[in-house]
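To start, the structure under review is shown below, and the notes come after it.
Taken together, the values in this text are just the output of simple stated rules run on the coordinates, not laboratory data. What you see is a predicted model; the values in this text were computed from it and never measured. Quick reminder, even Gly has a Cβ in these numbers, built from the backbone with ideal geometry, and neighbours come from all protein chains shown.
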Amino acid sequence: MNQYNLDQIPFYISTPRADHDLLISILGNEAYIWIADEEIVTANPRADLKKYKELPGGISQQIVKSEFWRLKISENYVCLDSDCIFIRNFFKNDFLTAEGIPYTVLHQNKEFFQMAANRGHLRVENDLREEARRVQSLFSRVGPSFYCAPAPFIWSARVWESLDLEHLKPLNISIWEFISSQHPETLIYGEALMKYRAIPLVAIEPLFRTYHYDWQYYLMKRQGETVEGLRQNYMGVIYQSSWDGDVDLFPRKKTLPSRMLRRLKRFINYLQSFI
């Protein structure tokens with residue numbers, strides 16, 4: 001990433017303390033600032049460190065990312081996942097207006113929904129719309145669904161703080177009781193921004209091209225999409241780790257039958273891209 005980071009924006013990586021040595025063995029200890037997840041967790045006076053350790057990794061990771069603002073390192077931050085791959089130079093003005101207002105990734109996902117419908121993957125849209133409606137209902141908002149994903153997420157500390165002060169404290173709960181597999185942090189951030197208006201909403205489309213599924217990847221490639229062409233509109237690419245384990249920072253161990261089945265399914269999806 002540093003080769004594209006021409007403004008030298010500070011880069012932080014957070015892991016559990018127990019994974020610090022593993023991180024160093026993979027990336028070394030230069031060009032980034034390491035912070036322990038536990039340090040972020042305990043920055044919230046209402047947090048429960050024991051509960052953090054008991055939560056599934058995917059949920060605790062969402063909460064840690066959402067609580068980074070409490071360290072008061074920056075008023076705004078760009079949150080990356082491990083499967084984010086930069087493909088061109090980026091600058092501070094890609095994330096902030098001239099007045100210092102962070103842009104907000106906010107869209108209706110129509111292109112992806114239409115592509116899924118065209119290929120007969122109707123469940124994709126149904127599941128995402130249902131997820132969005134669940135989070136909307138938490139804030140009593142009626143209207144179209146909006147999505148603040150995929151990564152990178154441009155987040156403001158003021159938005160997360162407004163959620164805490166205006167929504168969570170009156171309910172006498174913390175974000176640990178709020179974020180869940182049913183209520184992801186990306187949708188919560190967008191709804192909190194639209195509800196409490198802690199910052200002006202300056203919407204932009206996603207910064208990265210994301211291939212959510214292998215069938216989407218194969219289809220776009222067959223239509224002529226290349227990394228070189230993507231640089232005109234995107235600063236990076238995400239190959240979702242749920243289908244492409246080769247780009248995981250910490251690869252998951254799979255059994256041989258599991259790997260063979262995965263490759264077979266991927267090959268079938270590749271063949272279907274010709275139809």
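Details
- Taking amide H as placed 1.01 Å from N in the peptide plane, Ile87 has its amide H under 5 Å from the amide H of Gly236, Val237, each at least 5 places away in sequence or on another chain.
- Once Cα extents along the principal axes in Å is calculated for the structure shown, the corresponding label among (i) 53, 48, 41; (ii) 57, 43, 26; (iii) 64, 43, 36 turns out to be (i).
- In this label model, Val142 and Ala36 are separated by 5.0 nm, measuring between points 7 Å along each Cα→Cβ vector.
- Computed from backbone phi with θ = phi - 60° and the Karplus coefficients 6.51, -1.76 and 1.60, the 3J(HN,Hα) list for segment 141-147 is 9, 10, x, x, 7, 10, 10 Hz; x is used for glycine and proline.
- Footprinting exposure proxy for Thr15, Thr210, Thr226 (fewest neighbouring C-beta atoms within 10 Å first): Thr226, Thr15, Thr210
- Across segment 12-272, the mean sequence separation of Cα contacts (distance under 8 Å, 6 or more residues apart), normalised by length, yields a relative contact order of 22 percent.
- Long pairs among Lys65/Lys92; Lys195/Lys221; Lys92/Lys221, criterion Cα-Cα beyond 28 Å: Lys195/Lys221; Lys92/Lys221
- Remark: segment 228-234, residue by residue, has Karplus-estimated 3J(HN,Hα) of 4, x, 5, 4, 5, 10, 10 Hz, where x stands for each Gly or Pro and the curve is 6.51 cos²θ - 1.76 cosθ + 1.60 at θ = phi - 60°.
- Amide H contacts of Trp34 (H built 1.01 Å from N, under 5 Å, at least 5 apart or other chain): Ile13
- Normalising the average separation of contacting C-alpha pairs (under 8 angstrom, six or more residues apart) by the number of residues puts the relative contact order of segment 1-93 at 38 percent.
- Rounded to the nearest 10 degrees, the inclination of helix 185-196 to the longest alpha-carbon principal axis of the chain is 50 degrees.
- Contact order, relative form, for segment 1-157: 27 percent (alpha carbon pairs under 8 Å, 6 or more residues apart, mean separation divided by residue count).
- FRET efficiency for the pair Met220 and Gln3, taken as 1/(1 + (r/R0)^6) with r the Cβ-Cβ distance and R0 = 25 Å, rounds to 0.50.
- Virtual spin-label span in nm between Glu166 and Leu71, 7 Å along Cα→Cβ: 2.7 nm
- For Lys169, the aspartates and glutamates whose Cα comes closer than 19 Å to its Cα, not counting residues fewer than 8 places off in the same chain, are Asp48, Glu67, Glu161, Glu177, Glu185, Glu191.
- Once backbone amide H atoms are built at 1.01 Å from N, Thr210 has Ile238 as its partners under 5 Å, excluding neighbours fewer than 5 places away on the same chain.
- Taking chymotrypsin sites (Phe, Trp or Tyr not before Pro) across segment 20-107, the ones in a DSSP loop with at most 13 further Cβ atoms lying within 10 angstrom of their Cβ are Phe91.
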